[in-house]
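Taken together, the values in this text are just the output of simple stated rules run on the coordinates, not laboratory data. Here the structure is a predicted model, which is why all the values come from computation and not from measurement. We place every Cβ from the backbone using ideal geometry, glycine too, and count neighbours over all the protein chains shown.
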Amino acid sequence: MRGVQDLEKAMAPTTVGAQGTIAPQSPPKTFYRRPLPDSCIAFSSEEGRARFTSALAGGGCEAYFVLMEHYHTQDHPAFCGLGTLVMVLNALALDP
């Protein structure tokens, strides 16, 4: 078990202080509004809206509106599978 703790400590985010000392940075305590990685595009951004408009005009959003009618947020980060299942089954009009 000690090896896992050492690995977690080594992989923990750090910050460099004014004197050049390295201090561990505490992980975010919430999942709300975490910044997107550079490789992702925010849906509400100008580029995100342009892509959605393009997909809508090209007929590539047929499932979007059916899914959004049944949008369900997950109650806890561990429940993402349940939230997805609820949305999909409701969109498909299936009774489990």
Problem - Förster radius 25 Å - calculated FRET efficiency between Leu56 and Ala93 (Cβ-Cβ, nearest 0.05) - result: 0.60
Exercise for the section: Express in nm, to one decimal, how much length is gained between Gln74 and Arg34 on full extension, taking 0.36 nm for each residue of separation and deducting their alpha carbon distance. Expected result: 12.8 nm
Practice task
Starting from the Cα-Cα distance between Ala63 and Glu46, subtract it from 0.36 nm times their residue separation and give me the gain in nm to one decimal.
Solution key: 3.9 nm
